[in-house]
Amino acid sequence: MSIVVRLDHLTKQYLKAPRPAVSNMSFEIPEGAVFGLLGPNGAGKSTTVMMLCGLMRPDSGTVSVLGLDMQEHGAEVRKKIGVAPQEIALFPTLTAHENLVYFGRMYGLKKDEIKRQIEKYLSVFNLREKAHKQVGTFSGGMKKRLNLIAALLHQPRLVILDEPTAGVDVQSRNMILDFLTDLKAEGTSIIYSSHVLEEAERICTHLGIIDEGTVLQTGTRGHVMAQHPDCQNLEQLFLKLTGKNIRD
Ligand SMILES: Nc1ncnc2c1ncn2[C@@H]1O[C@H](COP(=O)(O)OP(=O)(O)O)[C@@H](O)[C@H]1O
Ligand SMILES: [Mg+2]
């Protein structure tokens, strides 16, 4: 089985920060995995995701995605992957449809393909009736679903989602998780950053549990759980590894 993502001794410290947000982080993700990047607030999930998709340069270490080094081939890789960042990346004064056309063009899709994909996904995510409404008027759940569609239009082999269900209602969350289950069945590799452990239990095949910028445990979900026979579920394991102090 081939590897879709390889992080090798990745380190990143923000200007004036007292310590690195990501410190000497290494892990691999096999093709077809749903990899749960799990950690409490401030653990370094978003920083890792931004380096993974080439939006941020590491201080040291390397990132390889789909077999290509991000430092050298970042632009090429970004066309092949889909990214839904934690902070919604949509234009609020454009309509849902206009936003998606923009992303479709950015990925270099042909006009009729853009049209076909937009129709398909607006329907999948129950947004057809809102197609021609300004995104600024949307609820949090609607924006999250649209953000996700923008990452999927070009049928990427690897999809990277940073807290895709944060702030959405139960129905939207359920719809997103069902959709990701189907996407996984089609063989798409998924990186799913979250701190919601029931969601990870529902969809993830592999886990990377991180805190304070370092990897605490990684591997298949079965392997990770087997290391801790005293833990009945992922929440217990997560608390065991990351401690019980409150993070804001
Ligand atoms: N732009 C920034 N400047 C300084 N520190 C930052 C910045 N973004 C994040 N951090 C800090 O880096 C650490 C990791 O943040 P982040 O990657 O956003 O974690 P997570 O996504 O897991 O919540 C935190 O301590 C956070 O406060
Ligand atoms: Mg984050």
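Computed from the coordinates by the stated procedures, all read-outs in this text should not be read as laboratory data. The shown structure was predicted, so the numbers you read here are calculated from the model rather than taken from an experiment. A quick note on method: Cβ atoms are made from the backbone with ideal geometry, for glycine too, and the neighbour counts reach across all protein chains shown.
If we count every other residue with Cβ under 12 angstrom of residue 144's Cβ, Lys/Arg +1 and Asp/Glu -1, where does the sum land? That works out to -1. Peptides 205-216, 137-148, 56-67 ordered by packing proxy, namely the average of other Cβ atoms within 10 Å per residue, highest first: 205-216, 137-148, 56-67. Let me check I've understood the local charge: for residue 133, count other residues with C-beta under 14 angstrom from its C-beta, Lys and Arg +1, Asp and Glu -1. What total comes out? Summing Lys and Arg as +1 and Asp and Glu as -1 gives +2. With a threshold of 23 Å on the Cα-Cα distance, the over-threshold entries among 110/144; 115/144; 16/80; 110/184 are 110/144; 16/80; 110/184. Each Lys and Arg contributes +1 and each Asp and Glu -1, all at the Cβ; summed about the Cα centre of segment 82-204, the dipole is approximately 520 debye. Centroid-to-centroid, using Cα positions, segment 54-81 and segment 14-37 are 14 Å apart.
In a DSSP loop and with at most 16 other Cβ atoms within 10 Å, the GluC sites (Glu not before Pro) in segment 98-199 are 186.
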